[in-house]
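Chemist: Once you've had a glance at the structure underneath, I'll fire off some questions.
The values are calculated or read from the model by the stated rules, or taken from the named source; none is laboratory data. Fair warning: this is a prediction, and the values are worked out from it, not measured in the lab. Note: ideal-geometry Cβ built from the backbone for every residue, glycine included; neighbour counts use all protein chains shown. Calculation scope for accessible area: heavy atoms of the full protein, side chains included, ligands and nucleic acids excluded. Shrake-Rupley method; radii C 1.70, N 1.55, O 1.52, S 1.80 Å.
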Amino acid sequence: MAQTPDYIIQSNSAPIRALSAPPGQTPRLAPAQPVAAAPLAALASAPAARSAARARVRIGVILPMESSALGEAAAVVRSGVEAAAQVEQNAELVSVDATTDNVVQRYRAAVADGVNVVIGPLSREAIAQLAPAVTVPTIALNSIDRQAAANPKLFSLSLVVEGEARQLARLMRDDGRVNPLLVEGGDALSQRLAKAFADEWRALTGKDAQRRPFDGGNLPALLEASGQADALALALDAAQAAKLKAALTPDMPVYGTSQLNIGGNQPELAGVRFIDMPWFLMPDHPAVKRYPRPAAALTPQTERLYALGIDAYRLAVQMAAARPGAVIRLDGVTGDLKLGRDRVFERQLPAGVMGGNALR
């Protein structure tokens, strides 16, 4: 599952307790319900109010709500979209349940019904299927396959790990590290992280980073290699990172991605410098604290999908009003977002210290 960029969606094995129905039975919202129905109803007799209602942005939220594999993830994304809509109250949501098989048909029906901008789909397969049919600004919630048909109105907002790995390399370079040791696990996700870090480090410095595998039994060799490095970059899961960190000298600088932030108290990783979204690292930031937290506890991986839904809504509203060629940026809860090349939203994440609150 970790071999595809939507690993955060697929790697969550814990139940999502915020849902009231099992996978594949998540109830759908009634379509075309105004988010701010009460205020509009109170003013319905005024011509100006009726005109404003007609001009209101309509956002289609196209997600696989009934999917046994992705239904829970879709429900969490949609709950984030709805949370943002309740705070902003500047658009009408139209909920659409769609799978890869019927996404084109459902999309066209939503656009014909007056949807101005679309959030979704969620899976790479559905995105590829929909790509040729996109006719309004559409924010896909995953990476877009290179084989998918190019479409100037199709955009990508995702949580792929390669972006974090590249940013980690830049953070270490900016911190003055010149000879890092990259320690990588054998699983597919760690390998993807390691490759992205190594590629970015080479692009930044013109040099190859030292790379060593972690298998749990080669700690002496890793400790010896760390003596020749000025910092460690970890492409490991939290358990592996904790085991390695315990064997290192306290003064060795250690860096990691959000993969290490699994929630709760993690004293074994205290002092590790890592990057993660503002939703977790900056809860008191004005752009973060105005949005409600999930009604029930989620795993950290799943709560990232909730935050993704919040930013997807905010970007959808902005894009619905943007002129062609306008710069699209957002001080988002998932990071500082900017529309980059190939219509992909780039995320700049803050850095923190495990067991501390230092931010950058």
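Chemist: Residues being touching a residue at least 60 places away in the same chain (Cβ under 8 Å) and among the hydroxyl-bearing types (Ser, Thr, Tyr): count how many of those fall in segment 125-161.
Modeler: Summing the residues that are touching a residue at least 60 places away in the same chain (Cβ under 8 Å) and among the hydroxyl-bearing types (Ser, Thr, Tyr) in segment 125-161 gives 3.
Chemist: Where in segment 119-216 are there strands (runs of 3 or more DSSP E), lying fully within it, with 3 or more residues that are closer than 22 Å to residue 305 by Cβ and open to solvent by less than 20 Å² (accessible area, probe 1.4 Å)? Can you show your working first?
Modeler: Details: elements: 138-140, 154-156, 180-184, 210-213.
It comes to 138-140.
Chemist: Restricting the search to segment 241-266, which residues are under 19 Å from residue 229 (Cβ atoms), open to solvent by less than 30 Å² (accessible area, probe 1.4 Å) and touching a residue at least 40 places away in the same chain (Cβ under 8 Å)?
Modeler: 244, 255, 256, 257, 260
Chemist: For segment 297-360, give me every one of the strands (runs of 3 or more DSSP E) that falls completely inside it and has 2 or more residues that are under 23 Å from residue 275 (Cα atoms), in contact with a helix residue (DSSP H, G or I) (Cβ under 6 Å, 6 or more places away or on another chain) and not hydrophobic (A, V, I, L, M, F, W, C). Before the answer, list the steps.
Modeler: Details: elements: 329-332, 335-339, 345-348, 351-353.
Per the criteria, 329-332.
Chemist: Assess whether residue 293 counts as being of a type outside the set (Ser, Thr, Tyr), without any contact (Cβ under 8 Å) to a residue 60 or more places away in the chain and more than 22 Å from residue 168 (Cα to Cα).
Modeler: Yes: the conditions hold for residue 293.
Chemist: Let me ask you something else. Could you tell me whether segment 227-235 includes any residue that is at pLDDT 95 or above, surrounded by 16 or more Cβ atoms within 10 Å (Cβ to Cβ) and either more than 30 Å from the chain's Cα centre (by Cα) or farther than 24 Å from residue 163 by Cβ (or both)?
Modeler: Among the residues of segment 227-235, at least one is at pLDDT 95 or above, surrounded by 16 or more Cβ atoms within 10 Å (Cβ to Cβ) and either more than 30 Å from the chain's Cα centre (by Cα) or farther than 24 Å from residue 163 by Cβ (or both), which makes the answer yes.
Chemist: Only one of these conditions is not met by residue 307: (1) under 20 Å from the mean Cα position of the chain (by Cα); (2) surrounded by fewer than 23 Cβ atoms within 10 Å (Cβ to Cβ). Which number is it?
Modeler: The one condition residue 307 does not meet is (2).
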